[in-house]
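The values are calculated or read from the model by the stated rules, or taken from the named source; none is laboratory data. Since the model is a prediction, treat every value here as computed from it, not as a measurement. When we count neighbours, we look across all protein chains shown, and the Cβ atoms used for this are built from the backbone with ideal geometry, even at glycine. Ligands, DNA and RNA are stripped out before the accessible areas are found, and what is left, the full protein with its side chains, is counted by its heavy atoms. Shrake-Rupley method; radii C 1.70, N 1.55, O 1.52, S 1.80 Å.
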Amino acid sequence: MTTATRAQEVTYIDAISQALDEEMSRDERVFLMGEDIGAYGGAFKVTEGFLKKYGEWRVLDTPLSESGFVGAAIGAAMMGLRPVVEMQFADFISCAFDQITEVAAKNHYRWGAAVPLVIRAPFGGGVHGGPFHSECPEGWFFHSPGLKIVAPSTPYDAKGLLKAAIRDPNPVLYFEHKFLYRRIKAALPQEDYIVPLGKAEVKRTGRDVSLITYGAMVHLALEAAELLGKEGIDLEVVDLRTLIPLDKETMYASVCKTSKVILLHEDNKTGGIGAEISALLAEDCFDCLDGPILRIAPPDTPVPFSTPLEEFFLPKVSDIVAGAKKLAAY
């Protein structure tokens with residue numbers, strides 16, 4: 001992070017709102033679409049006050065038709081505008097799957113057309129939203145060439161990555177974690193800045209075990225690292241920040257330094273992003289490894305609505321501590 005002048009601390013959700021506001025002020029081509037984002041200000045109040053400031057032509061309330069308004073946004077992007085679409089919950093993004101994977105993702109390959117589109121998707125559990133409002137669907141799109149995917153873990157990254165996504169000429173899926181919305185704060189630079197897409201960040205340096213993760217799981221990893229440090233195990237925490245394109249250079253450098261690695265994510269374990277990273281590490285870093293590649297992720301079930309069941313379902317600090325101790329013993 002730069003040493004630029006800092007303002008008052010803001011929450012993760014306020015950082016997202018700031019990014020939208022600043023980009024709409026900077027570029028008149030930027031406009032918003034989504035359910036209840038206008039007069040109501042959005043389900044989480046991210047766009048509260050935007051309708052009054054920018055008017056109904058730049059803050060468009062849409063029907064309950066994800067496929068319809070994502071398709072309209074793709075058309076607007078192809079005509080030179082820069083739409084930012086809000087999915088009320090990431091779970092509903094499946095209704096627009098065809099538009100995202102078969103149109104937005106493939107247009108540039110098909111005939112060279114840019115699709116500068118951002119889809120904001122509030123994702124993740126820990127808020128007792130049940131199986132239809134808590135999913136982590138990033139893995140569905142990780143297999144779709146033509147998309148970029150980001151998942152910030154801090155207010156600084158949330159703002160910088162969203163601004164970079166809006167300025168990018170490609171379709172970007174922006175997964176923002178609901179659990180973080182009002183739980184974490186940071187002082188942000190007053191100056192304009194972006195966080196480049198495709199660049200991971202080492203959130204904590206360590207020498208014994210690497211942990212690669214993203215989103216809300218970063219904070220879980222950092223908490224576990226403090227506990228492990230008291231027992232003499234130095235955990236390095238790598239925050240991917242961007243899932244597509246993956247920053248292989250940063251991942252590989254960390255793993256080759258520590259020789260042991262944990263892959264942590266909140267999405268279901270089977271077919272998750274951790275599986276692909278595991279394969280990459282086995283192919284490209286095998287000679288660096290001194291132990292098995294360990295994945296920590298939820299079981300292959302929907303997210304439970306029951307509070308104790310959801311707590312059991314989600315990865316925990318104790319899971320990370322146990323996994324790191326297992327690897328450190330090799």
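Tabulated results
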| read-out | value |
| --- | --- |
| Residues located in the range 232-262, provided they are in contact (Cβ under 8 Å) with a residue 40 or more places away in the chain and among the hydroxyl-bearing types (S, T, Y) | T242, T250, S254, T258 |
| Hey, K257 within 25 Å of G229 (Cα to Cα), open to solvent by 70 Å² or more (accessible area, probe 1.4 Å), touching a Lys or Arg at 6+ places or on another chain (Cβ under 8 Å) and not assigned by the TED database to the domain that holds C136 or not | yes |
| Tally of residues being crowded, with 22+ Cβ neighbours inside 10 Å and under 14 Å from G34 (Cα atoms) across the range 70-81 | 3 |
| Meets criteria (crowded, with 24+ Cβ neighbours inside 10 Å, modelled with pLDDT under 95 and not hydrophobic (A, V, I, L, M, F, W, C)) for S134 | yes |
| Residue match in the range 193-211 (condition: hydrophobic (A, V, I, L, M, F, W, C), free of Cβ contacts under 8 Å to residues at least 40 places away in the same chain and outside the structural domain of I16 (by the TED database)) | yes |
| Among the candidates F31, F97, residue that is open to solvent by 50 Å² or more (accessible area, probe 1.4 Å), modelled with pLDDT of 95 or more and hydrophobic (A, V, I, L, M, F, W, C) | F97 |
| Hits in the range 140-156 (condition: in contact (Cβ under 8 Å) with a residue 12 or more places away in the chain, of a type outside the set (K, R) and open to solvent by 20 Å² or more (accessible area, probe 1.4 Å)) | W140, F142, P145, G146, T154, Y156 |
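Yes/no matrix, rows are residues, columns are (1) in contact with a Ser or Thr (Cβ under 8 Å, 6 or more places away or on another chain); (2) crowded, with 18+ Cβ neighbours inside 10 Å:
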{"position": "G229", "(1), (2)": "no, no"}
{"position": "D234", "(1), (2)": "no, no"}
{"position": "V238", "(1), (2)": "yes, yes"}
{"position": "T250", "(1), (2)": "no, yes"}
{"position": "I262", "(1), (2)": "yes, yes"}
{"position": "G272", "(1), (2)": "no, yes"}
{"position": "E276", "(1), (2)": "no, no"}
{"position": "E283", "(1), (2)": "no, no"}
{"position": "L294", "(1), (2)": "no, yes"}
